[in-house]
Amino acid sequence: MKILITGGAGYIGSHICVELLQEGFEIVVADNFSNSHPEALDRVQKITGKYFPVYNCDLTIKSELELVFSEQSINAVIHLAGLKAVGESVTVPLKYYQNNLISTLNLCEVMNTYNVCSLVFSSSATVYGANENAPLTEELPLQATNPYGRTKLMAEEILKDLQASNEKWSISILRYFNPVGAHSSGLIGEDPNGMPNNLVPYISQVAIGKLQEVKIFGNDYHTHDGTGIRDYIHVVDLAQGHVKALQKTLAAHGVHCYNLGTGNGFSVLEVVSQFQEVAKKQIPFSITERRKGDIAVSFADPAKAEIELKWKASKSLKEMLEDTWRWQVNNPQGYKYPVKTIHS
Ligand code: WQD
């Protein structure tokens, strides 16, 4: 079974590559490296001892995608490639609509041409919008509140219409909550371009001394300590959820949505406190204004994935942050330099 992973060199994609290879799948990676590094794939090969073809491919250029399908006999696709910064999407919405929608449309068209009809799509809990009814189930009304989230919502609708048009399609839509952590080897992890937008990589860079202090976006939410609550999920748990979803997609038909979360929520202050314990460092922080668009509480009801995919996230917040810290300490410059030695 040969699986194409679009965006496979990215943070989540590289972890999915490892899990697929270790599950016995053959893989092909297509990535334009706009927000990832080829070094990540070298390290996937180092972790797994397995080789796989890599295409420098811009999915918005259909001919580049057709080359991959013409050279590789693909059985299914895991589609992760896309721009994903919420804040940036507000300032350059056309770039997000162009990139995220055209790439998905091109992929579906080329898959159809080559009669490849099994697709796992990377969506996001952001499609639930400002819904404060956590735990969030897949049946809730969808209401994206930013261009990035709308590209995910639109892509979901495109895929549902595609499957409704021809029952040969089998599609799983996976709504990620907050992926954090890194592979236990310390070889692959999150390597944000520039200033991290997300909490955990930001804390990690403060702990290593790259950034001065954590800015906590508001402590006046209606939560136990006033700070925002989120469902942090270990990226390896998330990757294993993709393997389960792929196996179901290959075996079934139809279109199915699944929340990939733990069902537990932690506040910003709880994450900072846990990180201090893990890194054995004081993490300086200050309370600032709320960030526009943030909601107070978001965490998953993961029951549907547990039942239908026989998948359940197992790693604790402590493990997530220990693995984050190991990656940070061993790769202070991310993928910029080849890894030397790993200190556990
Ligand atoms: C988590 C909490 C912030 C940074 C985003 C996207 C979502 C998905 C995951 C793509 C919140 C607080 C954060 C900081 C802070 N990405 N925070 N200081 O916003 O839940 O989700 O990433 O699919 O689409 O929206 O994650 O890590 O940015 O924020 O206080 O410097 O940490 O207010 O409560 P978020 P986050």
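The values are calculated or read from the model by the stated rules, or taken from the named source; none is laboratory data. From a predicted model like this one, the values you see are computed outputs, not experimental measurements. Neighbour counts are summed over all protein chains in view; Cβ atoms, including those assigned to glycine, are modelled from backbone coordinates with ideal geometry. Just the protein is used for accessible areas: all its heavy atoms, side chains included, with ligands, DNA and RNA removed. Shrake-Rupley method; radii C 1.70, N 1.55, O 1.52, S 1.80 Å.
Tell me yes or no: at least one residue of the stretch 155-168 is within 18 Å of the chain's Cα centre (by Cα) and touching a residue at least 60 places away in the same chain (Cβ under 8 Å). The answer is yes, given that some residue of the stretch 155-168 is within 18 Å of the chain's Cα centre (by Cα) and touching a residue at least 60 places away in the same chain (Cβ under 8 Å). Which residue pairs have Cβ atoms closer than 7 Å, lie 6 or more positions apart in sequence or on different chains, and pair a first residue in the stretch 4-23 that is open to solvent by 10 Å² or more (accessible area, probe 1.4 Å) with a second residue that is among the β-branched types (Val, Ile, Thr)? Short answer, once both residue conditions are applied: Tyr11/Val235; Ile12/Val235; Glu19/Val243; Gln22/Thr48; Glu23/Val243.
For the stretch 32-148, which helices (runs of 4 or more DSSP H) that fit wholly inside it have 2 or more residues that are in contact with a His (Cβ under 8 Å, 6 or more places away or on another chain)? Hits in the stretch 32-148: 93-113. Looking across the stretch 278-337, the residues that are assigned to a loop (DSSP other than H, G, I, E, B), touching a Lys or Arg at 6+ places or on another chain (Cβ under 8 Å) and closer than 27 Å to Lys244 by Cβ come down to Phe299, Pro302, Leu309, Lys310, Trp311.
Of all residue pairs spaced 6 or more apart or on separate chains, those with beta-carbon atoms under 6 Å, a first member in the stretch 116-139 that is among the hydroxyl-bearing types (Ser, Thr, Tyr) and a second member that is modelled with pLDDT of 95 or more and open to solvent by 30 Å² or more (accessible area, probe 1.4 Å) are Ser118/Leu250; Tyr128/Leu140; Thr137/Asp301. All of Gly189, Gly218, Gly261, Gly241 fail the test of being among the small types (Gly, Ala, Ser) and more than 14 Å from the chain's Cα centre (by Cα), apart from Gly218. Scanning the stretch 291-312 for residues that are within 17 Å of Val255 (Cα to Cα) and in contact with a Gly (Cβ under 8 Å, 6 or more places away or on another chain) returns Ala305, Leu309. Filtered by the rule that a residue be near the ligand (Cβ under 10 Å from one of its atoms), outside any loop (DSSP other than H, G, I, E, B) and either of a type in the set (S, T, N, Q) or open to solvent by 20 Å² or more (accessible area, probe 1.4 Å) (or both), the stretch 185-204 gives Leu199, Tyr202. All of Val120, Val180 fail the test of being open to solvent by less than 20 Å² (accessible area, probe 1.4 Å), under 17 Å from the mean Cα position of the chain (by Cα) and away from the ligand (no atom under 13 Å from the Cβ), apart from Val120. Reported count of residues in the stretch 275-292, each being away from the ligand (no atom under 16 Å from the Cβ) and open to solvent by 30 Å² or more (accessible area, probe 1.4 Å), is 4. Just to be sure, is Val272 within 11 Å of the ligand (Cβ to nearest atom) and open to solvent by less than 10 Å² (accessible area, probe 1.4 Å)? Yes: the conditions hold for Val272. From the list Tyr258, Tyr221, Tyr232, the one residue that fits, being within 19 Å of Ser123 (Cα to Cα) and open to solvent by 10 Å² or more (accessible area, probe 1.4 Å), is Tyr232. Hey, any hits in the stretch 248-266 for a residue that's over 16 Å from Lys304 (Cα atoms), in contact with an Asp or Glu (Cβ under 9 Å, 6 or more places away or on another chain) and at pLDDT 95 or above? Yes, the conditions are met somewhere in the stretch 248-266. Out of the stretch 30-48, which residues are farther than 18 Å from Asn99 by Cα and hydrophobic (A, V, I, L, M, F, W, C)? Passing the criteria: Ala40, Leu41, Val44, Ile47. If you filter the stretch 123-143 down to residues that are within 18 Å of the chain's Cα centre (by Cα) and open to solvent by 10 Å² or more (accessible area, probe 1.4 Å), you find that the one that is nearest to Lys304 (Cα to Cα) is Glu138. Is it the case that some residue within the stretch 258-265 is closer than 24 Å to Met320 by Cβ, part of a strand (DSSP E or B) and within 10 Å of the ligand (Cβ to nearest atom)? No, the stretch 258-265 has no match at all.
Considering the stretch 151-174, the residues that are out of contact with any Asp or Glu (no Cβ under 7 Å at 6 or more places or on another chain) and either within 15 Å of the ligand (Cβ to nearest atom) or modelled with pLDDT under 95 (or both) include one that is most open to solvent (accessible area, probe 1.4 Å), namely Met154. Screening Gln45 against (1) in contact (Cβ under 8 Å) with a residue 60 or more places away in the chain; (2) open to solvent by 20 Å² or more (accessible area, probe 1.4 Å); (3) over 30 Å from Thr223 (Cα atoms) leaves a single unmet condition, (1).
Flag not set for Val236, criterion: in contact with an Asp or Glu (Cβ under 8 Å, 6 or more places away or on another chain), of a type in the set (A, V, I, L, M) and more than 26 Å from Ser314 (Cα to Cα).
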